[in-house]
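A.B. asks: Structure below; questions to follow.
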Amino acid sequence: MSDFIIQENDQVIFIPAFGAAIVTVQPGIMKATGKPTLGGKKICLVGDEAQLSVPGCPYMTPQYSIPGVGTLKIEKLAGNQQSKKTKSGGKKIILKGMMLKAKFEVQSPAQDPSPVASGGSPIPDGTPSYSGQGSFVTTNIKFKVS
């Protein structure tokens with residue numbers, strides 16, 4: 001089945017729930033390496049998703065309620081987000097598809113404030129990353145491939 005091609009500057013919208021973590025998400029902007037263009041914009045090829053990074057996103061969990069900060073990334077494209085037949089320069093083309101697998105990497109851990117009440121220090125979140133989901137939003141409403 002064919003789907004819309006993802007282009008330079010299309011957005012990735014992340015869902016705020018990353019397991020136990022709730023992230024204040026911001027959209028990611030895709031960069032493209034494909035030589036062909038659609039309406040003057042380069043197309044995104046499989047591998048371009050690995051370059052997407054959205055730093056500086058606050059997060060917290062029910063236990064760690066003092067916010068921390070991390071970076072949103074695409075962990076893996078879904079099967080329906082890669083062209084099956086059409087390629088550019090030997091690489092598959094990224095398609096809109098459904099939900100991609102996302103990763104939230106903790107840079108500054110959220111903290112548990114409960115020890116402070118008894119004179120202790122807040123306890124940092126020991127989880128280095130959380131898994132979540134996201135999807136592409138494209139300005140391309142004309143060009144599809146399979």
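A.B. asks: With a/c under 1.5 counting as rounded, go ahead and sort the chain into rounded, prolate or oblate using the C-alpha gyration tensor (a ≥ b ≥ c being the square roots of the eigenvalues; past the cut-off, prolate if a/b is larger than b/c, else oblate).
C.D. replies: Working: a/c = 3.36, a/b = 3.06, b/c = 1.10.
Taking the square roots of the gyration eigenvalues as a ≥ b ≥ c, the chain is prolate.
A.B. asks: Now a separate question. What Kirkwood hydrodynamic radius do you get for the stretch 75-146 when you take the inverse of the mean 1/r over all pairs of distinct Cα atoms, in Å?
C.D. replies: On the way: mean 1/r = 0.0639 Å⁻¹.
When all Cα pairs of the stretch 75-146 are included, the Kirkwood radius is 15.6 Å.
A.B. asks: If packing is taken as the average count of other Cβ atoms within 10 Å, what order do 80-89, 40-49 fall into, highest mean first? Let's see the in-between values first.
C.D. replies: On the way: 80-89: 15.2, 40-49: 19.3.
Put in order of decreasing packing, that is 40-49, 80-89.
A.B. asks: Also, I was wondering about something else. Rounded to the nearest Å, what's the spacing between the alpha carbon centres of the stretch 1-76 and the stretch 92-146? Just the number, please.
C.D. replies: If we compute the Cα centre of each part, the gap is 9 Å.
A.B. asks: Sorting check: for 135-145, 16-26, which peptide has the highest mean count of neighbouring beta carbons within 10 Å, and how do the rest follow?
C.D. replies: Details: 135-145: 15.5, 16-26: 17.1.
In decreasing order of mean packing, 135-145, 16-26 become 16-26, 135-145.
A.B. asks: Given K35/K101; K103/K142; K35/K73; K76/K142; K35/K91, which pairs have Cα atoms separated by over 21 Å? Walk me through the numbers on the way to the answer.
C.D. replies: Details: K35/K101 26 Å; K103/K142 30 Å; K35/K73 24 Å; K76/K142 25 Å; K35/K91 11 Å.
Flagged as over cut-off: K35/K101; K103/K142; K35/K73; K76/K142.
A.B. asks: Could you tell me the relative contact order of the stretch 1-125? Use alpha-carbon pairs under 8 Å, at least six residues apart, and round to a whole percent. Numbers along the way, then the final one.
C.D. replies: Numbers: 288 pairs, mean separation 29.3, N = 125.
Averaging sequence separation for qualifying contacts and normalising by length gives 23 percent for the stretch 1-125.
A.B. asks: Which value, in debye to the nearest 20, describes the size of the charge dipole of the stretch 29-146 about its Cα centre when Lys and Arg Cβ atoms bear +1, Asp and Glu Cβ atoms bear -1, and nothing else is charged?
C.D. replies: Numbers: 16 positive and 6 negative charges, 259 e Å.
Here the stretch 29-146 has a charge dipole of around 1240 debye.
Throughout, read-outs are computed from the coordinates displayed, never taken from laboratory work. As the structure is a prediction and not an experimental result, all values here were calculated from the model. Quick reminder, even Gly has a Cβ in these numbers, built from the backbone with ideal geometry, and neighbours come from all protein chains shown.
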